[in-house]
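Only one structure is covered here, and it is reproduced in the block below.
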Amino acid sequence: VQLQASGGGLVQAGESLRLSCAASGSRFSIHTMGWYRQAPGKQREWVATITPGGSTDYADSVKGRFTISRDNAKNTVYLHMNKLKPDDTGIYYCRMTLSPADYWGQGTQVTVSS
């Protein structure tokens, strides 16, 4: 299984980005997909999750600004990030889970300047 995250970059506060994570090597549609992030000097934290059925959940810090979605035909999960803040800076990782399977992508850097 491979997860390839992309879409990160350098933006100013208030701007938007869309992250993508393309999966290969497994049945994407039956897995729960998630986004996590790790800021410099901090532990990795959960950002958002989407289930195979499309149910979503978000960390309080991003609720109302970020939207997670999936396209099972493209084996891809997205994270639409709006109204970005400097505190959103970090490496963003995608995760694919179907217990006991647990896969992580390599991460994509998001930097938000004030």
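The values are calculated or read from the model by the stated rules, or taken from the named source; none is laboratory data. Predicted model, so just to flag it, every value in this text is computed and none were measured. All Cβ positions, even for glycine, are placed from backbone atoms using ideal geometry, and neighbour counts span all protein chains on display. In case anyone asks, the SASA skips ligands and DNA or RNA and just uses the protein heavy atoms, side chains included. Shrake-Rupley method; radii C 1.70, N 1.55, O 1.52, S 1.80 Å.
Lys83: which lysines have alpha carbons under 25 Å from its alpha carbon, excluding same-chain residues fewer than 8 sequence positions away?
Lys83 reaches Lys42, Lys63.
I'd like the distance between the alpha-carbon centres of the range 13-50 and the range 58-86, rounded to an integer number of Å.
8
How much of the accessible area of the chain, in percent, comes from carbon and sulfur atoms when a 1.4 Å probe is used?
Carbon and sulfur atoms account for 46 percent of the accessible area of the chain.
Suppose all protein chains stay in the model; what accessible area per residue would a 1.4 Å probe give for the range 45-91, in Å²?
50
Taking K and R as +1 and D and E as -1, what net charge do the other residues with C-beta under 13 Å from the C-beta of Gln109 add up to?
0
Which value in Å is the Kirkwood Rh of the range 60-100 over different Cα pairs?
12.1
How charged is the neighbourhood of Gly54? Take every other residue with its Cβ under 14 Å from the Cβ of Gly54, and add Lys/Arg as +1 and Asp/Glu as -1.
Net charge around Gly54: -1.
Out of Gln106, His80, Thr51, whose Cα points farthest toward the positive end of the dipole of the range 44-108 (charges: +1 Lys, Arg; -1 Asp, Glu; placed on Cβ)?
After comparing all options, I get His80.
Let me spell out the model: positive unit charges on the Cβ of Lys and Arg, negative unit charges on the Cβ of Asp and Glu, origin at the Cα centre of the chain. What dipole size does that give, in debye rounded to 20?
100
In angstroms, what radius of gyration and Dmax does the chain have, counting Cα atoms only?
13.2, 41
If we count every other residue with Cβ under 13 angstrom of Ser16's Cβ, Lys/Arg +1 and Asp/Glu -1, where does the sum land?
The answer is +2.
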